[in-house]
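**Student:** This is the structure I have questions about; it appears just below.
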Amino acid sequence: MPDPQHDTEAITELWASEDIYAGPYRNNGPDVIVGYKPGYRTDWDAAVGAVSSTEIADNTKSWSGDHCMDPRQVPGVIFSTVAFENPKPWLVDMAPSVLDLLGLEAPAHMVGRSVFQALDTKKAENS
């Protein structure tokens with residue numbers, strides 16, 4: 001999606017929901033995941049299901065944060081006083097890790113694995 005005013009593109013990629021989500025709650029997610037470039041995001045109208053009169057406009061309101069960026073553009077930081085067995089965790093590993101710390105087993109449909117459990121290197125190489 002081009003931004004003619006700044007001679008750049010506003011969106012890096014679109015992902016179909018069925019290519020991203022799995023499990024029993026998959027239908028609760030959006031139909032399409034939009035990967036916005038840094039400096040771009042959905043507008044206030046779209047956040048409540050309305051359609052704006054223009055495709056791209058400057059945001060003149062306060063915006064406290066969102067989750068609208070292409071996840072490949074946003075590095076994450078995790079601090080822990082407990083050593084990780086998985087040296088390269090993903091966001092989807094956080095919920096299983098919390099359950100693991102609480103001594104609870106993650107549901108079978110949950111994506112990700114506890115960062116506190118050793119990786120099966122053969123399994124990781126094939127995925």
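**Student:** Which residues, taken from region 1-57, are within 27 Å of V111 (Cα to Cα) and charged (D, E, K, R)?
**Tutor:** Passing the criteria: E13, E18, D19, R26, D31, K37, R41.
**Student:** Please specify each residue of region 43-64 satisfying the condition of being of a type in the set (S, T, Y) and either loosely packed, with under 10 Cβ neighbours inside 10 Å or at pLDDT below 80 (or both).
**Tutor:** Matches in region 43-64: S53, T54, T60, S62, S64.
**Student:** Right, something else. Can you name the number of the only condition in (1) touching a residue at least 12 places away in the same chain (Cβ under 8 Å); (2) under 22 Å from the mean Cα position of the chain (by Cα); (3) not assigned by TED's automatic domain parsing to the domain that holds V115 that T8 fails?
**Tutor:** (2)
**Student:** Out of (1) in the same structural domain as A10 (by TED's automatic domain parsing); (2) out of contact with any helix residue (DSSP H, G or I) (no Cβ under 6 Å at 6 or more places or on another chain); (3) at pLDDT 80 or above, the odd one out for D100 is which?
**Tutor:** It fails just one condition, (1).
**Student:** Kindly evaluate S114 against the criterion of being in the same structural domain as E9 (by TED's automatic domain parsing) and at pLDDT 80 or above.
**Tutor:** no
**Student:** Please enumerate the residues belonging to region 11-27 that are farther than 20 Å from M69 by Cα, assigned to a helix (DSSP H, G or I) and not charged (D, E, K, R).
**Tutor:** Passing the criteria: only N27.
**Student:** Restricting to region 1-42, count the residues that are loosely packed, with under 11 Cβ neighbours inside 10 Å and among the hydroxyl-bearing types (S, T, Y).
**Tutor:** Residues meeting the conditions: 1.
**Student:** If a residue has to be in a loop (DSSP other than H, G, I, E, B) and of a type in the set (G, A, S) to count, how many in region 83-105 make the cut?
**Tutor:** Narrowing region 83-105 to residues in a loop (DSSP other than H, G, I, E, B): 83-90, 102-105.
Keeping just the survivors that are of a type in the set (G, A, S) gives 83, 103.
Total satisfying the criteria: 2.
The values are calculated or read from the model by the stated rules, or taken from the named source; none is laboratory data. Values in this document were obtained by computation on a predicted structure and should not be read as measured data. All Cβ positions, even for glycine, are placed from backbone atoms using ideal geometry, and neighbour counts span all protein chains on display.
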